[in-house]
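Just below is one structure, and these are the notes that go with it.
Please treat every number below as a calculation from the coordinates, not as lab data. Please read these numbers as outputs of a predicted model, since none were measured by experiment. We place every Cβ from the backbone using ideal geometry, glycine too, and count neighbours over all the protein chains shown.
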Amino acid sequence: MVIIVSKIFGQTENYKQLGLDAFDNENYPLAISYMQKALEINTNDKEIYYYLGYYIHYNAYDSKPLKGYDLNYSDTVLYYFSKTLELDPNYGDAKYFYTAECGANAINSLQQKDYENLRNYYKKSFEIGGFPKWIIEYGKLLLNQVEKNGILFTHGDFQLNICWYLQFCENYRTDISVIPLVLLNRPFFVKEIKNSELFQPVKLRISDDEIFNMRPYKWKETTINIPIPNNLITDYKLDTDYFSWTVSPDLKGVREYLSCERAFLLEIIESNNWERPIYWTLGMDNRYLGGLDSCGSYKGLIYKLLPFNTFGTEYEQDINSLKELVKIDNFKDYKSILETNQPRISGIVFYAYANTMIQLAKYYMENKQIDKIDNLIDLYESNFKIGLYPEYEDRYLNLIKE
């Protein structure tokens, strides 16, 4: 009996490893095939169900167009994650990817203008624990750093899904236009942000026909000058009345082109003409920003776009926003991360909070406000030194103390 069990375990682990290796090589169909063979041998392995859901999700959204894709395929993804959670209700990354799949379906519902179905997918995710208290807390703190009627660019599933869940299911901060930059290459989405009935539309000067015909655009590095309104000139004591943005091509080969994402980011910035404040989330891949990152003012969980290069200026960090964020009442639910951890994203939240405190400590040190550093240390030790990431928790605490 021991020999049989050992043989079964060995076969299972062999197929699992082959699947992991195939996934690392981005051969998603082969990875799925190996995991399915592993499942045939052992139907009670939570990791196999998890990897099948994970790999099938990637095969649909991160590879070449999938033949025959429909919602039945998505139901298969959700089934595998549900099986993982049946075997281990605390499998946090299964909850994360369940939410990612629901988010993908929400985007599909948005394309169909089925707003109710969009909400239902986010509610499904909430019901299985995809949005625990610490994620809800983070999402609200993030949205609250955006001024009224702001435009917020997001990067990654996590930040988009929590923002849209709060807006569309809890009716929270619906004045903000939350835009995932990676979707600016999809005509339906650009039309949606222009004409939306679901969220605050964004001003665009181009026609729907031009949106439908989006494509890579021939482009050489060009400096775009955008007029700056008088109130911003006064507020920031500027000596120029226009914002110069050097826009470089981001697709290069025999010729140089602007990608759809960068072309429509340019269109949004130009059309908005500083009428609404613009932000992007912490962790944004700066390649998507096309040089705008040099004009960001760090607020803790987001950056605000300003009409000048902020590097080395007093506006590089918004100290008042950092102070407002670092209040003990803002972190009432953070410790619940120990019971409802989602390892794939919990580090993002921990780093965002810890880095805010480090930057604030540097400011206090430079301004000889040592007593306020002591307050930061007390706040950190009581709220964030909880054993989630012991090594990093100690490292960041030492940085605050130093």
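Overview of values
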{"item": "Ordering of 51-62, 196-207 by packing [mean C-beta count within 10 Å, highest first]", "result": "51-62, 196-207"}
{"item": "Fraction of beta bridges assigned by DSSP in the chain that are antiparallel (%, nearest 5)", "result": "65"}
{"item": "Cut-off 15 Å between beta-carbons: net charge of the residues surrounding Y69, Lys and Arg +1, Asp and Glu -1", "result": "-2"}
{"item": "The range 136-212: C-alpha gyration tensor shape, a/c 1.5 cut-off, then a/b vs b/c", "result": "prolate"}
{"item": "Residue-averaged 222 nm ellipticity for the chain, from DSSP H runs of 4+ at -39500 (n - 2.57), nearest 500", "result": "-17500 deg cm²/dmol"}
{"item": "Degrees separating the helix 370-383 axis from the principal Cα axis of the chain, which is the longest one", "result": "20"}
{"item": "Fluctuation leader among I135, I348, I162 - the chain, Gaussian network, Cα springs under 10 angstrom", "result": "I348"}
{"item": "The chain: angle of helix 71-87 to the longest principal axis, Cα-based, in degrees nearest 10", "result": "70"}
{"item": "Protection proxy ranking of 336-343, 224-231 - average other beta-carbon atoms within 10 Å, highest first", "result": "336-343, 224-231"}
{"item": "For the chain, size of Cβ-based charge dipole, Lys and Arg +1, Asp and Glu -1, in debye", "result": "420"}
{"item": "Percent of alpha-carbon pairs separated by more than 16 Å within the range 90-185", "result": "53"}
{"item": "For F243, F131, order by how many other beta-carbon atoms lie within 10 Å, fewest first", "result": "F243, F131"}
{"item": "Between 0 and 90°, nearest 10: helix 28-41 axis offset from the chain longest Cα axis", "result": "40"}
{"item": "Debye intensity ratio in log₁₀ form over the Cα atoms of the chain, taken at each q of 0.08 Å⁻¹", "result": "-0.51"}
{"item": "Burial ordering of K237, K323, K16, fewest other beta-carbon atoms within 10 Å first", "result": "K237, K323, K16"}
{"item": "The range 2-127, Cα convex hull volume normalised per residue, Å³", "result": "98"}
{"item": "Too-long pairs where the Cα-Cα distance tops 23 Å, listed order kept, from K148/K304; K203/K299; K133/K362", "result": "K203/K299; K133/K362"}
